[in-house]
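Okay, structure first, notes after.
The values are calculated or read from the model by the stated rules, or taken from the named source; none is laboratory data. Computed from a predicted structure; not experimentally measured. Every residue, glycine as well, gets a Cβ built from its backbone with ideal geometry; the counts of neighbours run over all protein chains shown. Accessible surface is based on the protein model in full, side chains and every heavy atom, while ligands, DNA and RNA are left aside. Shrake-Rupley method; radii C 1.70, N 1.55, O 1.52, S 1.80 Å.
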Amino acid sequence: MSTPSSATDFQSALLRKARWHPLEFVVWAAAFALPLVMPSHSLLINEIAIVALFAMSLDLILGYTGIVSLGHAAFFGFGAYAAALFAKLVMPDPTVGLVVATVLSALLGLVASVTILRGSDLTRLMVTLGTALLLLELANKLDWLTGGADGLQGVVMGPVLGLFDFDLYGRTAAWYSLAVMLLLFLLMRRLVHSPFGATLKAIRDNRLRAMAIGIPVVSRLAVIYTVAAGIAGAAGALLAQTTGFASLDVLAFDRSADVLLMLVIGGVGWLYGGVAGAIVFKLLQTWLSAVTPQYWMFWIGLILVLLVLVGRDRLLKPWTWFGAGKKKGGAA
């Protein structure tokens, strides 16, 4: 049983982890300055911000709770279609559409959370994948509403906050996506560094032990799955709003696989891992597809194999791959 002093020490440790490092302010300031410094790359910056938010949402359930999902694109795609349909059929205001898409995706996550409360990790993999495939087929069949294989076209977005119009160069889109990513990052950061976040890590490490000490495992899993689904839906909504288009691609298995690869690259269990993985993955994808359009996936696959075999910490230090360095180095 915990004493008052141990409880105080625990709260102090959480506060220390939640405290911002000065370097973080520099990183975020640089991110918002990029559309001004490199205006020709604003569209790429916008895309990186969106997939980074998507990766962080997956990290909430994978890195902090231990739930492996192959169907996280279900919420991403649902948010994209919800935002696009809202803009086309109801009103073009992007902020209202973003809120609506986020709430609807969270509700879908709440319903889908029932599927991850039972069974083993393999069962959850299959169920989450099946959920995404069901939504993909549903979007394909409802072509009168979603456009089917042709995609939902004719989506025109209004200005952000009624002041900032989306431009062809993508600067408004980049700042809009970065601002939403920062707001949701603050929410996720507060969540994972709270006592609630500590219970998630306890569930990840040993679910039976967490139940034995009185943690309501079922409700915790349902809540975090709902939150992660809502944030993934917000990322999908940003993609639809900034591109003016939603297609079956947003629900495809490739989306779920790519975001898992981003977390493999950046690391799980810390929110910046999703950001780092998204940056590295998208830059590699852009550069390799320009250099070798036909074989860029081969080179990304080779890099991932090296990452797993050598380890993230030693991938950039070839002199530690063999001998004593290999024994001392950390694994990914």
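Could you pull out the trypsin sites (Lys or Arg not before Pro) across the range 60-148 that fall in loop regions by DSSP (anything but H, G, I, E, B) with no more than 12 other Cβ atoms inside 10 Å?
Working: sites: 88, 118, 124, 141; in loops: 118.
In loop regions of the range 60-148 (DSSP not H, G, I, E or B), the sparsely surrounded trypsin sites (Lys or Arg not before Pro) are 118.
P(r) for the chain, from all Cα pairs and a bin width of 20 Å, is 29, 58, 13, 0 %, short bins first.
First measure r as the distance between the Cβ atoms of residue 122 and residue 297, then evaluate 1/(1 + (r/R0)^6) with R0 = 22 Å and state the FRET efficiency to the nearest 0.05. Mind showing how you got there, number by number?
Numbers: r = 26 Å, r/R0 = 1.18.
The value I calculate is 0.25.
Using Cβ point charges alone (K and R +1, D and E -1), the dipole size of the chain about the Cα centre works out to roughly 1400 debye.
Computed on the chain, with alpha-carbon pairs under 8 angstrom and 6+ residues apart, the relative contact order is 30 percent.
For the range 179-305, the relative contact order is 12 percent, taking Cα pairs closer than 8 Å that sit 6 or more residues apart in sequence and dividing their mean separation by the residue count.
Calculate for the chain the 222 nm mean residue ellipticity that helices alone would give, adding -39,500 (n - 2.57) per DSSP H run of length 4 or more and normalising by residue count, nearest 500 deg cm²/dmol. If you can, show how the numbers build up before the last one.
Details: 15 runs with 234 residues, N = 332.
Theoretical 222 nm ellipticity from helices: -23500 deg cm²/dmol.
Net charge around residue 196, counting only other residues with Cβ within less than 12 Å of its Cβ (Lys, Arg = +1; Asp, Glu = -1)? That sum, taken over residues with Cβ under 12 Å, equals +3.
Hey, got the dipole for the range 64-145? About the Cα centre, +1 on K and R Cβ, -1 on D and E Cβ, debye to the nearest 20? Dipole magnitude for the range 64-145 comes out near 120 debye. Along the charge dipole of the range 135-277, pointing to its positive end and built from +1/-1 on Cβ of Lys, Arg, Asp and Glu, which listed residue (198, 274, 176) has its Cα farthest out? Of 198, 274, 176, it is 198.
Sites count as exposed loop sites when they are chymotrypsin sites (Phe, Trp or Tyr not before Pro), lie in a DSSP loop, and have at most 10 other Cβ atoms within 10 angstrom; the longest stretch of the chain without one is 21-321. Accessible area per residue for the chain, computed on protein heavy atoms with a 1.4 Å probe, is 51 Å².
Radius of gyration (Cα atoms) of the range 120-202, expressed as a multiple of 2.2 N^0.38 Å: 1.64. Surface composition of the chain: carbon and sulfur atoms hold 71% of the protein heavy-atom accessible area at a 1.4 Å probe.
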